[in-house]
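Enquirer: My questions all concern the structure below.
Computed from the coordinates by the stated procedures, all read-outs in this text should not be read as laboratory data. Being a predicted model, the structure only gives us computed values, none of them experimental. Neighbour counts run over all protein chains shown; Cβ positions are idealised from the backbone, glycine included.
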Amino acid sequence: MDMDIFSRIASRIIKEQELIIGPLAWGEAKKVSGIKVMDPKAGELTIEGDAKQIIDGLVARYDRLFGRASHEVSREAVAGLLADLPSADVPMSLRS
């Protein structure tokens, strides 16, 4: 599995959430185990561990805090990136 794609997925989700809730989106992402944010302005982060679980954790964190609409925002934000992934590699929280 390409870890870089999961870093891009996480970054895109966070940036999309940031459009709605502002810098709080990055603060919440930092609380997700396995995500290490280097530069929020550039959207730079790394994922360490089970990438699919970490993405699910990120989506769930926004969902718990801001409701179902944030879950849809996350899914829509990465739809283009998911098209290239085998369905088995798509995190559960991002499946249709």
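Enquirer: Are any residues in region 28-43 closer than 23 Å to Ser87 by Cα and not in a loop (DSSP other than H, G, I, E, B), and if so, which ones?
Expert: Result: Ile35, single match.
Enquirer: All but one of (1) part of a helix (DSSP H, G or I); (2) farther than 20 Å from Arg95 by Cα; (3) within 11 Å of the chain's Cα centre (by Cα) hold for Glu18, so report the exception by its number.
Expert: For Glu18, the failing item is (3).
Enquirer: Just checking, how many residues over region 43-80 are without any contact (Cβ under 8 Å) to a residue 24 or more places away in the chain, over 14 Å from Ile9 (Cα atoms) and among the hydrophobic types (A, V, I, L, M, F, W, C)?
Expert: 1
Enquirer: Scan region 82-96 and report the pairs whose first residue is within 17 Å of Asp4 (Cα to Cα) and whose second residue is outside any helix (DSSP H, G or I), with Cβ atoms within less than 6 Å and a gap of 6+ or a chain change.
Expert: Leu82/Val90; Asp89/Met1
Enquirer: Scan region 44-96 residue by residue and report those that are under 17 Å from Glu18 (Cβ atoms), part of a loop (DSSP other than H, G, I, E, B) and hydrophobic (A, V, I, L, M, F, W, C).
Expert: Within region 44-96, Val78 is the sole residue that qualifies.
Enquirer: Can you tell me which residues in region 14-52 are polar (S, T, N, Q) and surrounded by fewer than 14 Cβ atoms within 10 Å (Cβ to Cβ)?
Expert: Selection gives Ser33 alone.
Enquirer: Keeping to region 54-96, report how many residues are among the hydroxyl-bearing types (Ser, Thr, Tyr) and within 12 Å of the chain's Cα centre (by Cα).
Expert: 4
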